[in-house]
Amino acid sequence: MSTSLPEQRPSGAWPRIRAWIDGGGLLDRRAVIVVLLAVLIVVMVVLDVAGVTTAPLTTDYFAASLINIVPLALLAIAELFVITTGDGSIDLSVGSMVSLVGMVFGILYGTQKWDFAAAAVVALLVGALLGWINGFLTAYFRYPALITTLATYYAYASIALVITNASPISGPRIQELYGAAQSVELPLIGAYVPLVPLGVFTFLLPVAVIAWLVLNRTTYGRQLYAIGTNSTAASWAGINTRRSQLLAFVISGVISALVAIYTVAQFASARPDAGTSGPGMALPAITIAVLGGVAITGGVGRIGGVLLAALLIVWMNASILIVVPGNAGSQLQFLALAVVLLGASLVDVTNSRSRRARARQSTSAGGAGGVAEMADSAASRAE
Amino acid sequence: MTSRTDSAPATVSLRRILPPAVTGQEVVLVGVIAVLWVLLGIFTPSFLSPASVGPLLVNVAPVALIGIGMTFVIITGGIDVSVAGMAMVCAVVTARLLVSVEIPLIVALLVSVVIGGILGSVNGFLVAYARVHPIIITFGTWNLFLYIGYRTFNSSTVNGIPSTFDVFGKGAAGTTLGVPNAFAIVVALVAAAWWFLRYTRAGRNLFAIGGNAEAARLTGIAVRPRLVWVYVITGVMVGVAACVMLASGTSSLDQSVGNGKELEVIAAVVIGGTSIMGGRGSVVGTLLGALLVQTVSVGVIQLGWPSQLSRLFVGVFIIIAVGADILRERARRRSGRMS
């Protein structure tokens, strides 16, 4: 969310930091998450020294746990695109798309012995098609996104289960793919840094960089924020709001297809319930997006915040497991996620309230606060 | 409307306020369900037998019961995705008490309902006073409830649950005049909720809040207390539903209880014609939506098709039902503008 008020920018490092803090910068979502990450690491180091942890805490442990960040962060980025278009947009079907595209990829690559490249391209196209169906129903037929993607969540999950009669696809070719998810030593600097799972470099970082470029350096990205903030104003400004929203859903489908391929590699088999078993993949992805500062009402959200939120959740879960192993630990993960998510939402509320109060003060002090108040009321609407 | 001259002004004003007693969506749903039942009766040997219809009606009950609360919530413009977690907590705590201290039926029901109400009030207070979107609040509390539920399970199943709840729909004890008691309870509660939404001020206030919360506040409606109550009612309904789930299950309860219920319930509510944007909805529609979903899943199995196929039909039904609703709403608005 934008925390800088439209005032003249002070020059010099220290005044700029002061202005950032005065503008509520410390309450910025990314700052909050960085602080939480730092607290987490300090606490873990203390616990390790005190001998509370059940296994030695190493950087390799943290690095290896990153294998879980790839699907979570990718799907959260997909949600970022969709939710940012506003008007209650959300994609509940990402988990089902992961299941269905994974099965398509598994059949083409594992059973039909296609080339990896050909199978992957077809998988991405199928993902795009599934996303297009979501987007077409939402943007052109004006179904609420929650309804569209609830319906396609059921439909895609069902098709994924039916095409192979609910049995997973495995085999030597698919098992070889496991290498894509393994930890590797980086070239050049590899000896000095811990082993990081390959998927972070082959899947997550490229998508994150491209998504950042699209959102911040292309017309389309800026249009997304525009229609999410005020779609009427955006369409009066000449933006084709329907096409932009449709495209956001297509992007979500393509990213889900990437996650599908990654998940097939990670589990060394294509499972028909890969994205829908247990609590599914969609709700955790939305949780991470929201935690990363994506406003559920649209128009606000950044890649950096989402990545930090995913990192916080993955490392928090890994830390809990090393202190409290087994079932008790995985139960505690639910509690921790609830506390972090509710806490972050409540911090936001107090944050916007105090900003609104400040704006009101400055209006009564003089006329100059009017613009700030408008910006603030826009910000509070976005929450 | 103004041209209508009626001799009893009180009736006129009430009639002007009230939506039609039966909506188009409900008529269509009744028709679709009737057609499906007739077709399934013709094409399967046993769909219309009492041995098949009885369990179907019992299995409708949990979704329909939670659906009553969810309809209230969605009418106010909110949503509650934590119901699965609540159902798990209610079911496991009640089951554990039944096993360890053999509490009687009425106490067990009270325990489940009170727990549901307390969990619902957590949702309600956070939604009403924190001013964060309900979907986020209930995502958070969903995780919280899962934690409580899993802790109570303590990494194992609850075994040897006594047959206290059989009266809710298992075997001979669970039916009255051939109708499963669980379904009779559902019909009674749906009727009460229908009356509440239509003929009480508090009920009609919910529509006002969902239509425009700020306007509702300015006309003197206590928006926040109303919101808290709506989520508490949802929790209470989850408590009742948990008892039916215990009754219709086996004597052991595993950790998957409630899994995926939130989406099932929301599907039933939206198929029933309740607008996800708030301000419009009906509990009768929700009951019919739940019946339709259950009919499809039973029908698919009895036709010998893969059981997972039923979810595809549920998805298609959601699109058709909401699509019909959108078209009708558009037509209504157009005719309203012309007159």
Do you know which residues across region A:177-211 are surrounded by fewer than 16 Cβ atoms within 10 Å (Cβ to Cβ) and modelled with pLDDT of 75 or more?
-> A:PHE201, A:LEU205, A:PRO206, A:VAL209, A:ILE210
Limited to region A:271-282, what total is found for residues that are facing chain B (nearest Cβ under 10 Å), touching a residue at least 60 places away in the same chain (Cβ under 8 Å) and under 13 Å from A:LEU72 (Cβ atoms)?
-> 2
Of the candidates B:GLY77, B:GLY67, the one satisfying the condition of being assigned to a loop (DSSP other than H, G, I, E, B), within 16 Å of B:THR274 (Cβ to Cβ) and at pLDDT 85 or above is B:GLY77
In this structure, does A:ALA128 turn out to be among the small types (Gly, Ala, Ser), closer than 21 Å to A:ALA274 by Cβ and touching a residue at least 40 places away in the same chain (Cβ under 8 Å)?
-> yes
Please work out which residue is surrounded by the most Cβ atoms within 10 Å (Cβ to Cβ), limiting yourself to region B:142-159 and to residues that are facing chain A (nearest Cβ under 7 Å) and polar (S, T, N, Q).
-> B:ASN143
Matching residues in region B:37-51 (surrounded by fewer than 18 Cβ atoms within 10 Å (Cβ to Cβ) and either under 25 Å from the mean Cα position of the chain (by Cα) or in a helix (DSSP H, G or I) (or both)) number 9
Considering region A:137-158 alone, what residues qualify as being assigned to a helix (DSSP H, G or I) and touching a Leu at 6+ places or on another chain (Cβ under 6 Å)?
-> A:ALA139, A:THR148, A:THR149, A:LEU150, A:TYR153, A:ALA155, A:TYR156, A:SER158
Failed condition for B:ASN181, given (1) surrounded by 14 or more Cβ atoms within 10 Å (Cβ to Cβ); (2) at pLDDT 85 or above, with all others met?
-> (2)
Just to be sure, is B:ILE136 in a helix (DSSP H, G or I), more than 20 Å from B:THR71 (Cβ to Cβ) and not charged (D, E, K, R)?
-> yes
Just for region A:52-79: of the residues that are among the small types (Gly, Ala, Ser) and within 15 Å of the chain's Cα centre (by Cα), which one is nearest to A:MET316 (Cα to Cα)?
-> A:ALA73
Name the residues in region A:266-295 that are surrounded by 24 or more Cβ atoms within 10 Å (Cβ to Cβ), among the aliphatic types (A, V, I, L, M) and over 17 Å from the mean Cα position of the chain (by Cα), would you?
-> A:ALA270, A:ALA274
Test A:LEU308 against the stated conditions and say whether it is modelled with pLDDT of 85 or more, buried (at least 18 other Cβ atoms within 10 Å of the Cβ) and among the aliphatic types (A, V, I, L, M).
-> yes
Residues located in region A:104-155, provided they are farther than 16 Å from A:VAL264 by Cβ and among the aromatic types (Phe, Trp, Tyr) = A:TRP132, A:PHE136, A:TYR140, A:PHE141, A:TYR143, A:TYR153, A:TYR154
For region B:85-100, indicate whether the set of residues that are closer than 26 Å to A:ILE83 by Cβ and within 14 Å of chain A (Cβ to nearest Cβ) is non-empty.
-> yes
Taking the stated definitions as given, is A:THR363 at pLDDT below 80, of a type in the set (Ser, Thr, Tyr) and under 26 Å from the mean Cα position of the chain (by Cα)?
-> no
Leading residue by the ranking (farthest from the other protein chains (Cβ to nearest Cβ)) among those in region B:112-134 that are in contact (Cβ under 8 Å) with a residue 24 or more places away in the chain and surrounded by fewer than 19 Cβ atoms within 10 Å (Cβ to Cβ) = B:VAL114
Hey, does region B:271-290 have a residue that's polar (S, T, N, Q) and surrounded by fewer than 18 Cβ atoms within 10 Å (Cβ to Cβ)?
-> no
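The values are calculated or read from the model by the stated rules, or taken from the named source; none is laboratory data. This structure is a prediction, so every number in the text was calculated from the model and none was measured. When we count neighbours, we look across all protein chains shown, and the Cβ atoms used for this are built from the backbone with ideal geometry, even at glycine.
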